[in-house]
Amino acid sequence: MATESTPLSEELPFQILRSTWQPVVNSADLPAGKVTGATLLGESLVVARFPDGSLLAARNACPHKGYDLSKSHICNGRLQCGYHGWRFNSAGECQDIPSLVNPPANKLQLSHLQNFPVQERYGMIWVRLSEHESAPLPEVPEFENPDWTYIVAPPMRFQSGYRREIENYLDMSHFAFAHSTTLGVAANPIIPPMKIEEYEDGFLMDAPFPALESPHEQPGKLQEAHRRRQRCYLPNFTTIRQSFADGDERVLVHIPSPISREECNVFWALAISPGFRGPAPESQVEFASAVLNEDREMCENQIPHEVPVNPVKGGWGVLVMPGDTLANTFQKTHRQWLMRSAKQAVPV
């Protein structure tokens, strides 16, 4: 537990994030009867969808000999270990031990998998490693509105920490440089005034996209001047709402799901308003993927690979510019959220 006087440590974010929902696989990649593996906050998981649609997320080790259950398969409606054939239902209960004709009830009970809460929403499978919930999934109506086009893109692996990815996603001062041939083809490196509102669960930034009034190259729809409202739901769920002059809108979401302290899987999706006058949805996803890949290169080539949770005076990040306001807001509110959550936490 943390107290007012407890200094923040690099271990604390991972401890607290165990009580938050994190995506581990896209729904489309887990059809009925499929078994896969994932790593979340250093925890190796097996994730399975049974023929009836029910989901299982559990520690990735058979309780018998520790075999990797993600290398197993669904057999007759049960998850069957590939080593000795032990079978488990979607609740993680051991249903059969083939080497025993009549397995004792206590033996079956002791063989229960270590399950984790799991849910499906926004086209992703979400897992929480703790029974305690410190933050619910945010509500994004456009992602469930049938009038909007909603696309869940393939996740992208970053060899950097989740906080590094969030800072990059919030940053508007790098468009003209890191994205000079894509998003920032007509970007102005001078950042316009930002309106930032802080909430207990995060913050909202409202500002125009920093576009040049007389660019050398004519921008496309996705690169032209528009309004941006960036909403961060702590600890790591961030949306950007883009409002264009013609009334069209897009809502993007990034969730850098932590694998380790210096590695994350960036899950992302895009919602496009009805009758969008611009590139086709497939082209928009291709464009956004190219931009994200440029961001990946930026994140992976920064030192350190993760933003320190509690930077010290005279250390990393002392050369703060006006364009860093949003990143600094994230750092501050993230630290505050960690400390509040630590005081409210129950043992994991």
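Rule-based calculations on the coordinates, nothing more; no lab input. Worth saying up front: this structure is predicted, and the values here are computed from it rather than measured. Virtual Cβ from ideal backbone geometry, glycine too; neighbours counted across all protein chains shown.
Worth pointing out:
- Formal net charge of residues neighbouring Lys107 (Cβ-Cβ distance under 14 Å; K, R +1; D, E -1): -1
- In the chain the longest region clear of trypsin sites (Lys or Arg not before Pro) that are loop-assigned by DSSP and have at most 15 other C-beta atoms within 10 Å covers 66-276.
- Against the chain, whose longest principal axis is taken from its Cα atoms, helix 325-344 shows a tilt of about 30°.
- Within the listed set Ile16, Ile303, Ile125, the Gaussian network model of the chain (springs between alpha-carbon atoms below 10 Å) gives the highest mean-square fluctuation for Ile303.
- Distance from the Cα centroid of the range 176-198 to that of the range 12-28 is 30 Å (rounded to whole angstrom).
- The GluC sites (Glu not before Pro) of the range 25-124 meeting both criteria, a DSSP state outside H, G, I, E and B (loop) and at most 15 other C-beta atoms within 10 angstrom of the site's C-beta, are Glu93.
- Subtracting the Cα-Cα distance of Thr39 and Glu139 from their residue separation scaled by 0.36 nm leaves 33.5 nm.
- Estimated FRET transfer efficiency (Phe287, His64; beta-carbon r; R0 45 Å; 0.05): 0.40
- Fluctuation leader among Pro13, Pro210, Pro311 - the chain, Gaussian network, Cα springs under 10 angstrom: Pro311
- Subtracting the Cα-Cα distance of Leu108 and Gln344 from their residue separation scaled by 0.36 nm leaves 81.4 nm.
- DSSP-loop GluC sites (Glu not before Pro) across the range 188-249, with at most 12 other Cβ within 10 angstrom: Glu200, Glu213, Glu217
- Candidates Asn293, Asn188, Asn102, ranked by Gaussian network fluctuation over the chain, Cα under 10 Å, top entry: Asn102
- Using alpha-carbon coordinates, inclination of helix 281-300 to the longest axis of the chain, degrees: 90 degrees
- At full extension, Ala280 and Asp206 could sit 24.0 nm farther apart than now, given 0.36 nm per residue minus the alpha carbon distance.
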